[in-house]
Structures are given as structure tokens and as C-alpha cells.
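Student: What follows is a structure written as C-alpha cells; I'll ask about it next.
The values are calculated or read from the model by the stated rules, or taken from the named source; none is laboratory data. If you're wondering where the values come from, they're calculated on a predicted model, not measured in any experiment. Using ideal geometry, Cβ is built from the backbone for each residue, glycine included, and neighbour counts are taken over all protein chains shown. Accessible surface is based on the protein model in full, side chains and every heavy atom, while ligands, DNA and RNA are left aside. Shrake-Rupley method; radii C 1.70, N 1.55, O 1.52, S 1.80 Å.
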Amino acid sequence: MSAAMVELRGVRKSFGPLEVLRGVDLRVAPGEVTVILGPSGSGKSTLLRTVNHLEKVDSGSVSVDGELVGYRRSGDRLYELPEREILRQRTKIGFVFQNFNLFPHLTVHQNVTEAPLSAQRRPRAEVDALATRLLERVGLSDKAHSYPRKLSGGQQQRVAIARALALEPKVILFDEPTSALDPELVGEVLDVVKGLAGSGTTMIVVTHEVGFAREVADTVVFMDEGRIVERGTPAEVLDAPRHERTRLFLSKVL
Ligand code: ADP
Ligand code: MG
């Protein structure tokens, strides 16, 4: 089996008495697009957040690009990495949130250049050129000097995608990137995500957009109550689900 780009093994996570992830195993190969579907509260966001150590796992492990996330192994013990090492690891993992989370006091161009300049300490001229290319790629060259509040939700989310790409991450995680958008703005964002999928970017996308999953996913995963209930190709999971819970979920969102 070839090396996974993202690998979760036996991941468990509780918040107080509530066990939110109950032993999750997931492998995502380089270039693979995995779409995660599942009802609200099933643990999808928590799962994504464990991938970049925004949530610490209680047990199990997460690796990205062959490197354990958040920990260093020594013998059979694990030691949490210092903050700066965790920040370095996060530069390999892009994250696009439901609510964009742009820096309101920075222009679109500055939002894209911020992390490569400060976290990666790359030269200004190179980063400026990169931002110009990325904003062109998401169709926002003309907004480079605008502030986020002047943009539509769809435009803000496209900036957030350009900002994630600016770190040249190994994988990009999307947590319901279109669910805060008015319906007429969903398409422009999904089109950008589709473009990335076509260019071989490794991605994990949590979404309720089943049509998008069908068109773009290599693998569809259905989660319920902190477990992966089933996984397969879009045809397998969407057209011939094996589990009743998957069928019930699909009957509600389709
Ligand atoms: P999903 O993204 O599938 O809707 P989440 O991963 O956001 O699910 O949440 C799963 C469960 O964990 C929910 O019941 C949620 O209320 C709970 N939860 C998530 N984050 C926290 C937290 N920081 N503290 C306490 N409970 C949390
Ligand atoms: Mg969520």
C-alpha cells in the first residue's frame, strides 16, 4: 500500500462525558479527494480539527505526510510537541472554515500574504507574486485591495481558499465551506474547490452538497455518532448505501 497523505488510526475524543469520536480510522492518499457526509453533531468538525491538532486526541494517532501530528514518539511513549513545532506542522495543512475567518483589518491581498510572510518567512516579492497568481486562480484579481467586509460571502470564501493555498499545503481541509452562503453564491465556491480537485490537491471536504460529492469525490465517507459507518466510491455510498443510517441520511439531504 502506498504511503497515506493523511492517516487517522483509532482516534478517540471526548468532551467531558460526551464521546464525540469513537475510534476513527481514515486514510487519504496523495491527491485523493475525500468527502465526509453525516448528520449534525456526528463529529465531522471535530475529526477535521484533530488533523491539524486544533483538538488533541484522547487516544489513537494522526499523521500527515508521514509525520505524527502534535506529538513526537520516543520508544513507546508520546510527547506533545512544543507550540512552534505544531505551528510548523499546521503550515502543511490548509483549513477553510464555514465562516471564512478572514482578517477583517487586512486587505484581500494581505490576507493571502500574511501567513507565508510571518509563519514561513518567505521573501516579500515571491509572496506578492504568489498572491497575485492565487487571486487570479480564484477569480478575484480585481478585489486584491478591497477589505473583506466589502465582499460577498462567496468572494470571501474564495479569498479564504487562496489564503489556504498560499502556504502550499500538503492537504486542505474544508469544513462546510458553502453552508454559510446564500444559495446563489454556493456554485462559485464549489467551482473553485472542483478546480483544485482537478489539479491533484489532497483534500478532505465536509459538506452536505451531495451533488458535489458525486462529481468530485474519489471517496465518500459517511459518519454517524462519532464513527465512520461506511466509505466507498460516490456510486457505492450515494447510490447503493449498505447501511440503514446512510440511507436515512441521504433521503433527507437529497
Ligand atoms: P459536526 O461537525 O458533525 O456537526 P461536531 O464535531 O461539531 O459535529 O460536534 C460533535 C459533538 O461534539 C456535538 O455534540 C458538539 O456539541 C460537541 N462538541 C464539539 N466541540 C465541543 C467542545 N469544544 N466542547 C464540548 N462539546 C463539543
Ligand atoms: Mg461541523
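Student: Given the options Ser74, Ser63, name the one that is away from ligand 1 (no atom under 12 Å from the Cβ), modelled with pLDDT of 95 or more and more than 30 Å from Asp239 (Cβ to Cβ).
Tutor: Details: Ser74 fails: modelled with pLDDT of 95 or more.
Checking each option against the conditions leaves just Ser63.
Student: Another question, if that's okay. If Phe174 satisfies every condition in (1) in a strand (DSSP E or B); (2) open to solvent by 30 Å² or more (accessible area, probe 1.4 Å) but one, which is the exception?
Tutor: Answer for Phe174: the failing condition is (2).
Student: Note down all Cβ pairs under 6 Å where the first residue falls in the stretch 171-198 and is within 16 Å of ligand 2 (Cβ to nearest atom), the second is part of a helix (DSSP H, G or I) and open to solvent by 10 Å² or more (accessible area, probe 1.4 Å), and they're at least six residues apart or on different chains.
Tutor: Qualifying pairs under 6 Å: Asp175/Ser45; Thr178/Val186; Leu181/Gly153.
Student: So is Val51 among the aliphatic types (A, V, I, L, M) and farther than 30 Å from Arg247 by Cα or not?
Tutor: Details: among the aliphatic types (A, V, I, L, M): yes; farther than 30 Å from Arg247 by Cα: no.
The answer is no for Val51.
Student: A further question on this structure: Picking from Val24, Val11, Val33, which residue would you name as being open to solvent by less than 70 Å² (accessible area, probe 1.4 Å), hydrophobic (A, V, I, L, M, F, W, C) and closer than 21 Å to Lys194 by Cα? Step through it out loud before you land on a result.
Tutor: Values: Val24 fails: closer than 21 Å to Lys194 by Cα; Val11 fails: closer than 21 Å to Lys194 by Cα.
Exactly one of Val24, Val11, Val33 is open to solvent by less than 70 Å² (accessible area, probe 1.4 Å), hydrophobic (A, V, I, L, M, F, W, C) and closer than 21 Å to Lys194 by Cα, namely Val33.
Student: Restricting the search to the stretch 195-254, which residues are assigned to a loop (DSSP other than H, G, I, E, B) and closer than 22 Å to Lys170 by Cβ?
Tutor: Correct list: Ser199, Gly200, Thr201, Thr207, Ala217, Asp218.
Student: Right, something else. Can you confirm whether the stretch 148-160 contains a residue that is more than 16 Å from ligand 1 (Cβ to nearest atom), in contact (Cβ under 8 Å) with a residue 24 or more places away in the chain and among the basic types (Lys, Arg)?
Tutor: Yes, the stretch 148-160 contains at least one residue that is more than 16 Å from ligand 1 (Cβ to nearest atom), in contact (Cβ under 8 Å) with a residue 24 or more places away in the chain and among the basic types (Lys, Arg).
Student: Examine the stretch 5-28 for a residue that is in contact (Cβ under 8 Å) with a residue 12 or more places away in the chain and touching a Pro at 6+ places or on another chain (Cβ under 8 Å), and state whether such a residue exists.
Tutor: yes
Student: Can you spot a residue in the stretch 50-69 that is within 14 Å of ligand 2 (Cβ to nearest atom), in contact (Cβ under 8 Å) with a residue 60 or more places away in the chain and open to solvent by 10 Å² or more (accessible area, probe 1.4 Å)? Step through it out loud before you land on a result.
Tutor: Step one: filter the stretch 50-69 for residues within 14 Å of ligand 2 (Cβ to nearest atom), giving 50-51, 54-55.
Of the ones still in play, those that are also in contact (Cβ under 8 Å) with a residue 60 or more places away in the chain are 51.
Imposing the further condition that a residue be open to solvent by 10 Å² or more (accessible area, probe 1.4 Å) reduces the set to none.
No - not one qualifying residue is present in the stretch 50-69.
Student: Another question about this same structure. Please tell me if Gly38 is under 21 Å from Val220 (Cα atoms) and in contact with a Phe, Trp or Tyr (Cβ under 7 Å, 6 or more places away or on another chain). Quick ask: steps written out before the conclusion?
Tutor: Working: under 21 Å from Val220 (Cα atoms): yes; in contact with a Phe, Trp or Tyr (Cβ under 7 Å, 6 or more places away or on another chain): yes.
When the stated conditions are applied, Gly38 passes them.
Student: Taking the residues in the stretch 180-194 that are open to solvent by less than 60 Å² (accessible area, probe 1.4 Å) and assigned to a loop (DSSP other than H, G, I, E, B) as candidates, determine which candidate is farthest from ligand 1 (Cβ to nearest atom).
Tutor: For the stretch 180-194, the residue satisfying everything is Leu181.
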